[in-house]
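Trainee: Submitted below is the structure of interest, expressed as structure tokens.
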């Protein structure tokens, strides 16, 4: 639910008891804001309860532990990012076209969620690391499927782990480039997406040609 829609729904119960399902949505929305502001380790359930306007036991009852809340927040981000990339890649027919579309969608998502992206990916130590790793695994799975479609010759057909290794390499390159890019105010999304997609597509196709000889 969008923030304005959530606020409107909550306003209907300003003088009455908020339904449990709606209160849970509010808790998740405030948890997302808190994790973005303070990171996983800097966030507390006491502060979350204060922002929602309920007691801490209510937060635990409706939404679970801090780790569960972080997992739910990351699940939402995962779903949104995966949907954006999948939709962008679907109409393209070539490896470079799909890479260009997917990288462009990834960069647009990162820029649109800049503060959250930096804060959530910085939560790699401790319990939060599982959720961050899952986000990366899902993105790697998208790239691996793309490679399976376009690099179907030589060892890539016989050894799926080679495709997986390449998918991790592609995903890592784009993610690290995006972290650098967020600090570059004079470099637009299209320029970086074009550069990365050309470099990665040409390298992958050259590797496939060489290995199939």
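Since every read-out is calculated from the coordinates, none of them should be taken as a lab result. All values derive from a computational prediction rather than experimental measurement. Every residue, glycine among them, receives a Cβ derived from its backbone with ideal geometry; neighbour counts consider all protein chains shown.
Trainee: Say we join alpha carbon atoms closer than 10 Å with springs in a Gaussian network model of the chain; which of 171, 78, 186 then has the biggest fluctuation?
Mentor: Its mean-square fluctuation being the largest, the pick is 186.
Trainee: Out of all Cα-Cα pairs in segment 3-64, roughly what percent, to the nearest whole number, are more than 17 Å apart? Display every interim value, and only then the final one.
Mentor: Numbers: 688 of 1891 pairs.
Of the Cα pairs, 36 percent sit more than 17 Å apart.
Trainee: Give me 189, 94 ranked fewest to most by other Cβ atoms within 10 Å of their Cβ, as a rough exposure proxy.
Mentor: On the way: 189 17, 94 11.
Least to most surrounded, the residues fall as 94, 189.
Trainee: Determine, for 13, 40, 60, the number of other Cβ atoms within 10 Å of each Cβ, and report the residues in order from fewest to most. Each step should come with its number before you reach the end.
Mentor: Working: 13 12, 40 25, 60 16.
So the residues, fewest neighbours to most, are 13, 60, 40.
Trainee: To continue, here is another question. Express the Stokes-Einstein translational diffusion coefficient of the chain in µm² s⁻¹, to the nearest whole number, given a Kirkwood radius over alpha-carbon pairs, 37 °C and a viscosity of 0.692 mPa s.
Mentor: Details: Rh = 19.2 Å.
The Stokes-Einstein estimate is 171 µm²/s.
Trainee: Say we join alpha carbon atoms closer than 10 Å with springs in a Gaussian network model of the chain; which of 160, 57, 19 then has the biggest fluctuation?
Mentor: 19
Trainee: Viscosity 0.890 mPa s, temperature 25 °C: Stokes-Einstein D of segment 1-112 from its Kirkwood Cα radius, in µm² per second? Walk me through the numbers before you get to the answer.
Mentor: Working: Rh = 15.9 Å.
For the chosen part, D equals 154 µm²/s.
Trainee: Could I ask something else about it? With runs of 4+ DSSP H residues as the only contributors, calculate the mean residue ellipticity of the chain at 222 nm using -39,500 (n - 2.57) per run, divided by the residue total and rounded to the nearest 500. Show your work: numbers first, answer last.
Mentor: Values: 11 runs with 169 residues, N = 213.
Rounded to the nearest 500, the figure is -26000 deg cm²/dmol.
Trainee: Sort 23, 51 so that the residue with the fewest other Cβ atoms within 10 Å of its own Cβ comes first and the one with the most comes last. Numbers along the way, then the final one.
Mentor: Working: 23 21, 51 15.
By the 10 Å Cβ count, ascending, the order reads 51, 23.
Trainee: Sticking with this one: For the chain, with a Gaussian network of springs between Cα atoms less than 10 Å apart, report the residue from 59, 18, 143 with the top mean-square fluctuation.
Mentor: Judging by the Gaussian network model, the answer is 18.
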